[in-house]
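Student: Below is one structure. I have some questions about it.
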Amino acid sequence: MLQAVFTIKNLKNYILMNASLNLSKKILKNKYKPLFQFFIDGIKDLYWAEKAIETLLKKNKSLAYTEELSDAIENHEKQTQKHVLRLEKIFHALNIKPEAKKCEAMAGIIKEDEEVVSNTPENSMTRDAVLIISAQKIEHYEIASYGGLLQIALTFNMNHIADLLEKTLLEEEETDLLLSDIAESHINLEAAEEEDDEESENSDSRENKKNKSAGKKD
Ligand SMILES: [Fe+2]
């Protein structure tokens, strides 16, 4: 029995060693190809993006009005930490030190997110609706990046790396659907009923002035 366990363990180690040897050969063969260089840059870009998203989500979960959205953002934050670790596994498999390369697109999306969210009233459904759309813009960039890099990994027959990318891709797609569900189930409808307090006060006082000058009662 002990011998059988030992043999299975040995077999597993042998398969893993073989897989990593095969991957090393593929990397050596492809590392100077422009598409392979693009792939490495894409992983570095995502590594920067995921870390920046993690920081943003930490902040956004406290800005959400409903507990439902705050919980969803917190779950996404935990998922994002896993995504960072998966990218580190990919760097390891590629025999490269983890390195973040600034993702200009994500930096722009995050900047826009911070601007539009700060323009919404605190503790409002409008803020939640805007937080959801901003989060979905992030998701869609990630889905495009992970999906594209997954296809390149498959093209270079780097199946282990492709599996890691696919796991994250599926989680990003699930999060995107969950955010749509939250928005469509009630947040958008309730946000559509909200008034801008300042604007409605101004419009009331404009109306009053008009009525007074026209000799009407308030
Ligand atoms: Fe992610």
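The values are calculated or read from the model by the stated rules, or taken from the named source; none is laboratory data. Being a predicted model, the structure only gives us computed values, none of them experimental. Neighbour counts run over all protein chains shown; Cβ positions are idealised from the backbone, glycine included.
Student: When you go through (1) among the charged types (D, E, K, R); (2) modelled with pLDDT of 95 or more; (3) loosely packed, with under 11 Cβ neighbours inside 10 Å one by one for GLU88, which number turns out not to apply?
Tutor: (3)
Rundown of residues vs (1) farther than 30 Å from ASN30 by Cα; (2) assigned to a helix (DSSP H, G or I); (3) in contact (Cβ under 8 Å) with a residue 60 or more places away in the chain, yes/no style:
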residue	(1), (2), (3)
GLN79	yes, yes, yes
LEU85	no, yes, no
PHE91	no, yes, no
GLU142	no, yes, yes
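Student: LEU69: outside any loop (DSSP other than H, G, I, E, B), within 16 Å of the ligand (Cβ to nearest atom) and either assigned by TED's automatic domain parsing to the domain that holds LEU150 or of a type outside the set (Gly, Ala, Ser) (or both), yes or no?
Tutor: So LEU69 does not fit the description; no.
Student: Restricting to the stretch 95-116, count the residues that are buried (at least 19 other Cβ atoms within 10 Å of the Cβ) and of a type outside the set (Val, Ile, Thr).
Tutor: Selection size over the stretch 95-116: 3.
Student: Still on this model: Applying the selection to the stretch 43-55, what residues are surrounded by 19 or more Cβ atoms within 10 Å (Cβ to Cβ) and touching a Ser or Thr at 6+ places or on another chain (Cβ under 9 Å)?
Tutor: Within the stretch 43-55, ASP45, LEU46, ALA49, GLU50, ILE53 qualify.
Student: I'd like the full set of residues that are away from the ligand (no atom under 16 Å from the Cβ), exposed (fewer than 13 other Cβ atoms within 10 Å of the Cβ) and of a type in the set (A, V, I, L, M), limited to the stretch 150-196.
Tutor: Answer for the stretch 150-196, where residues must be away from the ligand (no atom under 16 Å from the Cβ), exposed (fewer than 13 other Cβ atoms within 10 Å of the Cβ) and of a type in the set (A, V, I, L, M): LEU189, ALA192.
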